[in-house]
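Trainee: Structure below; questions to follow.
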Amino acid sequence: MSREFDCVIVGAGLAGATLAVGLDTLGLSVATVDARSRTPAAPGRDVRGLALAPSSQRLLATLGLWSTLAPHTTALKTIVITDRGQFGSTRLCAADVGVPALGHVCPADQLLGRLDAALTTLPGCTAYWQSTVGDIVAGPDAVTLTVSDGQAQTAVSARLLIAADGLHSAVRRHFDIAATSRDYGQTAIVANADVERPVPDTAFERFTREGPLAVLPIGGARVVIVRAARTDEATGLMRLSDEAFLHDVRQRFGGRLGRFSALGERRSHPLILNRAQALHAPRTVLIGNAANTIHPNGAQGLNLGLRDVATLLDCVQMALARGEDPASTAVLEGYARRRRPDHDRTARFSDGLARVFGLDLGPVNVARGAALLACDLLPPLKRALMWRLMGLRGETNRWLRAPQA
């Protein structure tokens, strides 16, 4: 059996599924292929707290996903950045740049649930769950691939193939697209907990020599903890009792939020920098972690991927309006040309923070403290940092024009 679509997206995670919703709004037929179960995401399945920048919130609003998601999110009006054991800190406030929020923290399972439901209900979407991709053949007019669910194989063809299949992208490997990679030697441990003295609408990022420690509010006294550790220490941290793990967190974070309690499930994620050397191949384009996997400093990874989605939607929409093939080399080169500067800036930003704040040298320690203090005392420098984190500086993409909540 053979099926034909306008677009096939390999990987139906956050970036891939969001793109599928956008392509459906353009009237295109879309197939998604993902190894996950077809069972809708259940609340509590994914403990991550997603820090959605205003650029991401605007994209979700344009796609009609934000209105039902918003009640489950927590606005970030203040971000406090400190360096453990050093003087100096930076306090970023939404009011300083005239926006209602610097971002929103959203439980991952809430967004995943809405995206999974969309893939199964939107008229232009066909979802292949618990499936993998085999042979891929790029022809002059279409890409043909074999989709297998372990029992049967289906030949699927499309004008445009999108690789949204993450760090170890099978599509990227098939087209022999090289990637530069660096293992930071760190692992992020993510879990939810309660705090004794919550600070409303405020996120904290505390740099330590072992890696950053982030505490993000998700409503009431509940927070998401992202504790980066050296990889050789992460296994031990995962095995600690809840009480011992939270004691470690408070030791590194300090007493500002009081006692941590009611620890939820812990999950670990290796931290790796991985950047594809090309963003497109014949009738194929890379987005999200298939294109760039970066250090979580500044919570930029998902937001970078969703800006990929917004730009690709813009390129496809303009091509369709001109009566052009949306998978032509010219269109895909245009996408790559528009995305590279953002990719380069964001990767340098997150990587630079990982390098500088990971050093434990006297002069460097002093310089870090001075830099945080200077950022706090110099409004232009602080505003520039906030616009970078929000992902909106100089952005004219029509998919990001929805007003910020």
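The values are calculated or read from the model by the stated rules, or taken from the named source; none is laboratory data. Since we're looking at a predicted model, the values are computed, not measured. Note that each Cβ is placed from the backbone with ideal geometry, even for glycine, and that neighbours are counted across all protein chains shown.
Trainee: Quickly run through region 294-334 and pick out the residues that are modelled with pLDDT under 95 and outside any helix (DSSP H, G or I).
Mentor: Of everything in region 294-334, those that are modelled with pLDDT under 95 and outside any helix (DSSP H, G or I) turn out to be ILE294, HIS295, PRO296, GLN300.
Trainee: Further question on the same structure: Do any strands (runs of 3 or more DSSP E) entirely within region 49-159 hold 2 or more residues that are free of Cβ contacts under 8 Å to residues at least 40 places away in the same chain, and if so, which?
Mentor: Passing ranges, in order: 132-138, 143-148.
Trainee: On the basis of being surrounded by 21 or more Cβ atoms within 10 Å (Cβ to Cβ), in contact with a helix residue (DSSP H, G or I) (Cβ under 7 Å, 6 or more places away or on another chain), not basic (Lys, Arg) and not in a helix (DSSP H, G or I), does VAL285 make the cut?
Mentor: Yes; evaluated as a whole, the condition is true for this residue.
Trainee: Okay, moving on. Considering each of ALA319, ALA299, ALA327 in turn, give the residue that is small (Gly, Ala, Ser) and surrounded by fewer than 21 Cβ atoms within 10 Å (Cβ to Cβ).
Mentor: Among ALA319, ALA299, ALA327, only ALA319 is small (Gly, Ala, Ser) and surrounded by fewer than 21 Cβ atoms within 10 Å (Cβ to Cβ).
Trainee: Looking only at region 195-253, which residues are among the aromatic types (Phe, Trp, Tyr) and in contact (Cβ under 8 Å) with a residue 60 or more places away in the chain?
Mentor: Result: PHE204, PHE207.
Trainee: Additional query: Here are ALA138, ALA178, ALA152: which of them is out of contact with any strand residue (DSSP E or B) (no Cβ under 9 Å at 6 or more places or on another chain), among the hydrophobic types (A, V, I, L, M, F, W, C) and more than 23 Å from LEU26 (Cα to Cα)?
Mentor: The unique qualifying residue is ALA152.
Trainee: Being touching a helix residue (DSSP H, G or I) at 6+ places or on another chain (Cβ under 9 Å), farther than 20 Å from LEU392 by Cα and of a type in the set (Asp, Glu) is the filter here, so list the residues in region 300-357 that pass it.
Mentor: GLU324, ASP325, ASP351
For (1) surrounded by fewer than 19 Cβ atoms within 10 Å (Cβ to Cβ); (2) not small (Gly, Ala, Ser), each residue gets a yes or a no:
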{"residue": "GLY150", "(1), (2)": "yes, no"}
{"residue": "GLN153", "(1), (2)": "yes, yes"}
{"residue": "VAL156", "(1), (2)": "no, yes"}
{"residue": "ASP176", "(1), (2)": "yes, yes"}
